[in-house]
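Let me begin by presenting the structure, written as structure tokens, before commenting on it.
Rule-based calculations on the coordinates, nothing more; no lab input. Keep in mind the model is a prediction, meaning the values are calculated, not measured. Cβ: placed from backbone, ideal geometry, glycine included. Neighbour counts: every protein chain shown.
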Amino acid sequence: MTHRSRSGGPQKQRGGKKKQPTRKLHHPPPPPVQEETDELPSLRSAVFLDTPSDEEILKLVHHALRGTLDSYEFSATVQKVKGLLYDKKWLEVFTDQTLLESYAGRWVPSRGCCYRELFAHLGAVRKLFVVEQAVSGETPDSDSDEERQDEEEEEESAQAGPSTGNAQPGDQRATGSDPSTDSPPASITNILSLGGGAASELLAVASLVRASQALGTKTPSPFVDRKGKSPVKWNWTGVDIGAWDTVIGKFRSSLQSEWELEDDALGVDFIQADLLAPLAPPSPEGETSTPTFPPIDLGKVVTDLKPDLTTILFTLTELLTQSRPATISLLRSLTAHTPSGSLLLVADSASDISEFEMGSSGRKWPIYMILDTILLGPPGSTSAEWECVRKEDSRWYRLPAGVGANWPVKLENTRYWYRLYRKV
């Protein structure tokens, strides 16, 4: 039997047009590359993503955690950690010394690369790692549009004060040097990472420092003085409730042996403390009390460090889940003591877990809206102590094809939101 039209025309094909197979998307396609505008300093972000590559970052993680990653028990321990995290039992993970290194081996590789990409994406953060600007005031070759955008951003930031060199030369904690034998660096940049015990933030900072060193060897800038010392220094300080000293020590050793990042270029410090624990009042005479986890005088830490950049990365949801009043108090203390012109970068997973009920109606709000309200005040507020420099409610980081393919466990891509604030 043939199928013809009513007018007796040519035979029709059965089935009509063949349907195109629907491509199953696990993630939305990456957004088109956009030229940076208000945040573009003298160097493009791509420069900070070349050296080291993501593959080199993973190699450094494997060098630091080789014993754990090559263990037959690694995968089983990671599954145990995943179960605890799914049940929101964060303290059981971060206070168990036997789980910390496995957690780092699973999450630090992708997050370290993700944080590095985010730092490089944000011009205001990227400027903290531009050696030529910090030391000599020289800028590499750039087109006229980039120079014009740089000048506009510099004019905006000039009102808020300098972005580097907040530490005093005589502060040994900030410089990590003995003033009696060494001259202090000409420029010091301090980074404070709240909840940064696993060292993902340290890895991201170290990657940008290494990129700056690579640029310094290619351009005629005084990155190293006559004595072979770097006149530019970055200090990273992490604060976390877990006993991450051993893990951070392994990363620090690998950074020195594999990337040649010595203390005179990148200082590393860690403070074990509970960010949400209130400072205990003086005990009555004769009584002693030992908190489960040591509290922290965040105001003093911030006042002493004068951080150019403070980060709270993939930590805020956990803090709010544990105690909303204590987390709000933490943000207010940070606001009260952060110097003018300093940056605050907050990022977290863009998932349902990051929504919280607020108000009598029980309506759920995304965590970034709650954060904006706390730091910026209600819409139309003119008395905010922070200004929002850059934000995205949803951003993807994807490991390049093939990177991490041989890792003992699957490394996943990350969808997250972020807010970059500057203290007024």
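Worth pointing out:
- Debye-formula intensities of the stretch 289-412, expressed as log10 I(q)/I(0) at q = 0.18, 0.19 Å⁻¹, are -1.12, -1.20 (one equal scatterer per alpha-carbon, no solvent).
- Over the stretch 73-119: Rg over Rh, Cα atoms, Kirkwood Rh: 1.03
- Note on the stretch 329-401: Cα-Cα pairs beyond 15 Å make up 65% of the total pair count.
- Projected area averaged over orientations for the stretch 39-98, convex hull of C-alpha atoms, nm²: 6.8
- Applying the criteria of a DSSP loop state and at most 12 other Cβ atoms within 10 Å to the chymotrypsin sites (Phe, Trp or Tyr not before Pro) of the stretch 48-99 yields Tyr72.
- Segments 119-129, 400-410, 369-379 sorted - mean Cβ within 10 Å per residue, highest first: 119-129, 369-379, 400-410
- Karplus-derived 3J(HN,Hα), 6.51/-1.76/1.60, for each residue of the stretch 85-92, Hz, glycine and proline x: 5, 4, 7, 6, 9, 5, 5, 5
- Too-long pairs where the Cα-Cα distance tops 31 Å, listed order kept, from Lys59/Lys82; Lys233/Lys391; Lys89/Lys306; Lys306/Lys364; Lys80/Lys233: Lys89/Lys306; Lys306/Lys364; Lys80/Lys233
- Highest average packing first - 380-389, 239-248, 190-199, Cβ atoms within 10 Å: 190-199, 239-248, 380-389
- Alpha-carbon centroids, the stretch 333-351 and the stretch 378-396: separation in whole Å: 11
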